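Below is one structure, written out as structure tokens; the observations come after it.
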Amino acid sequence: MIVEMRTGAASEEIDAVVQRAKSLDLSVQLNIGTDKTVVALLGSNTGQIDTDIFAVLPGVESVTRIMKPYKLASREFKAEDSLVSIDGIEIGGKRVVVMAGPCAVESEEQIVESARVIKESGACILRGGAFKPRTSPFSFQGLEKAGLELLARVREQFGIPVVTEVVDPHDVSLVSKYADILQIGARNMQNFPLLTNIGRSKCPVIFKRSFSCTVTEWLTAADYLLAGGNNQVILCERGIRTFEDSTRFSLDICSIPVIKRVSHLPVIVDPSHAAGHYSLVPAMAKAAVAAGADGLLIEVHPNPKEALVDGLQSLTPSDFARLMDELRAIAKAVGRYI
Ligand code: PEP
Ligand code: MN
């Protein structure tokens, strides 16, 4: 961490910075220039120390962090790629793992048919929300426990793992009884009590990026999961909010190579919530695989016209089957397989 003093800062002010650093067990290097003094603070945990501790001191011009604020999610902490394994399906290796299914579990018939069609096309994990975080309290909120029971039945019937969202920190143990993977939705990326409980649960988790957070904030929040002892963490890029309004969100494809550079965690992409329209989803899914995503989370509905949630962005079974064929070719071109 670098503390830059104001021009002409008094020697007592510089000394106060040095004393504060020492009280935190940091070592100090002073660079006394003709106009300005710069204080370098050294220590293994400077990434986790609040910059405000120094910024508030009299005579301080600015405080700049050199270390990243996230620790356990960083490549410095763990150099080799992490693999998450669900029923023998590895995420983060050579295989691009496709997870697909409806936005919400709506009925037995709908979720059974969804599982059948996505499995037939080569997807290996079924998605479906039982608890839905809806913008309006008047929208369909999901079938809740009955939805979880349907997912568990379909998982038995088709021998396919399921991923479903947990919204409330108190529901973590309930949902993890039924799900193979918990999903943390974009709106809950900084719901720290939820992250803490899922960190303790050790259940594999898909951790979506908030549409209003940077990659650094996302990885720093991932430390809550890892710090609790859960190392089965899969990041999921699902688009961020920008000034662009021709799509629901802007898919930040760049975050995939950025994550690969700075973190050991696997990263998948949800092209459905980013694009917001079924016609745009295939191109975004292919771009994600080309950019190095370890998997995809795609909304597919047996009959999107009748969907209770997110029908406009859901692929039909035949569109999904066609996309899977195209994805196999893209995966092969980048040294992966589906
Ligand atoms: C979902 O996956 O259905 C969902 C609500 O996604 P997000 O949290 O990315 O909006
Ligand atoms: Mn959805």
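If you filter segment 295-316 down to residues that are surrounded by 18 or more Cβ atoms within 10 Å (Cβ to Cβ) and of a type in the set (Val, Ile, Thr), you find that the one that is farthest from ligand 1 (Cβ to nearest atom) is Val300. Take the conditions within 11 Å of the chain's Cα centre (by Cα) and under 19 Å from Lys68 (Cα atoms) and apply them to Ala222. Does it pass? Yes; evaluated as a whole, the condition is true for this residue. Taking the listed residues Gly239, Gly276, Gly295, the one that is within 16 Å of ligand 2 (Cβ to nearest atom) and within 27 Å of Ile198 (Cα to Cα) is Gly239, with no other qualifying. Annotation note: of Asp245, Asp223, Asp252, the sole residue that is crowded, with 16+ Cβ neighbours inside 10 Å, modelled with pLDDT of 95 or more and in a loop (DSSP other than H, G, I, E, B) is Asp252. With respect to Val172, is the statement that it is away from ligand 1 (no atom under 16 Å from the Cβ), farther than 18 Å from Ile198 by Cα and modelled with pLDDT of 95 or more true? So Val172 does not fit the description; no. Going through (1) within 15 Å of ligand 2 (Cβ to nearest atom); (2) of a type in the set (D, E, K, R); (3) within 13 Å of Pro266 (Cβ to Cβ) one by one, Glu106 falls short only on (3).
Once segment 1-23 is narrowed to residues that are in a strand (DSSP E or B) and open to solvent by 50 Å² or more (accessible area, probe 1.4 Å), the residue that is modelled with the lowest pLDDT is Ile2.
Can you spot a residue in segment 24-31 that is part of a strand (DSSP E or B), open to solvent by less than 60 Å² (accessible area, probe 1.4 Å) and free of Cβ contacts under 8 Å to residues at least 24 places away in the same chain? Yes, the conditions are met somewhere in segment 24-31. Counting only residues that are away from ligand 1 (no atom under 14 Å from the Cβ), open to solvent by less than 10 Å² (accessible area, probe 1.4 Å) and without any contact (Cβ under 8 Å) to a residue 60 or more places away in the chain, segment 228-242 holds 1 of them. So for segment 162-185 (the condition being within 16 Å of ligand 2 (Cβ to nearest atom) and basic (Lys, Arg)), does at least one residue qualify? Checked against the condition, which is being within 16 Å of ligand 2 (Cβ to nearest atom) and basic (Lys, Arg), segment 162-185 yields no hits at all. Among residues of segment 289-310 that are free of Cβ contacts under 8 Å to residues at least 24 places away in the same chain and hydroxyl-bearing (Ser, Thr, Tyr), none has a Cβ under 9 angstrom from a residue that is open to solvent by 20 Å² or more (accessible area, probe 1.4 Å) and more than 16 Å from ligand 2 (Cβ to nearest atom) at a sequence gap of 6+ or on a separate chain. Would you be able to say whether some residue in segment 112-134 is closer than 26 Å to Leu297 by Cα and modelled with pLDDT under 95? Scanning segment 112-134 turns up at least one residue that is closer than 26 Å to Leu297 by Cα and modelled with pLDDT under 95. For Asp35, the conditions (1) in a strand (DSSP E or B); (2) open to solvent by 80 Å² or more (accessible area, probe 1.4 Å) all hold with the exception of (1). Of all residue pairs spaced 6 or more apart or on separate chains, none has beta-carbon atoms under 6 Å together with a first member in segment 201-227 that is touching a residue at least 40 places away in the same chain (Cβ under 8 Å) and within 14 Å of ligand 1 (Cβ to nearest atom) and a second member that is in a loop (DSSP other than H, G, I, E, B) and open to solvent by 10 Å² or more (accessible area, probe 1.4 Å). For the condition of a type in the set (Gly, Ala, Ser) and surrounded by 16 or more Cβ atoms within 10 Å (Cβ to Cβ), what is the one hit in Gly292, Gly335? Residue meeting the stated conditions: Gly292. For segment 172-200, the set of residues classified as open to solvent by less than 40 Å² (accessible area, probe 1.4 Å), without any contact (Cβ under 8 Å) to a residue 60 or more places away in the chain, farther than 28 Å from Arg116 by Cβ and assigned to a helix (DSSP H, G or I) consists of Val172, Asn188, Leu194, Leu195, Ile198, Gly199, listed by residue number.
Here Ala283 meets the list (1) open to solvent by 10 Å² or more (accessible area, probe 1.4 Å); (2) part of a helix (DSSP H, G or I); (3) in contact (Cβ under 8 Å) with a residue 40 or more places away in the chain almost entirely, failing just condition (3).
The values are calculated or read from the model by the stated rules, or taken from the named source; none is laboratory data. Quantities reported herein were computed from a predicted structural model and do not represent experimental measurements. Reconstructed Cβ throughout: ideal geometry from the backbone, glycine too, with neighbour counts over all protein chains shown. The area values use the complete protein model at the heavy-atom level, side chains included, leaving out ligands, DNA and RNA. Shrake-Rupley method; radii C 1.70, N 1.55, O 1.52, S 1.80 Å.
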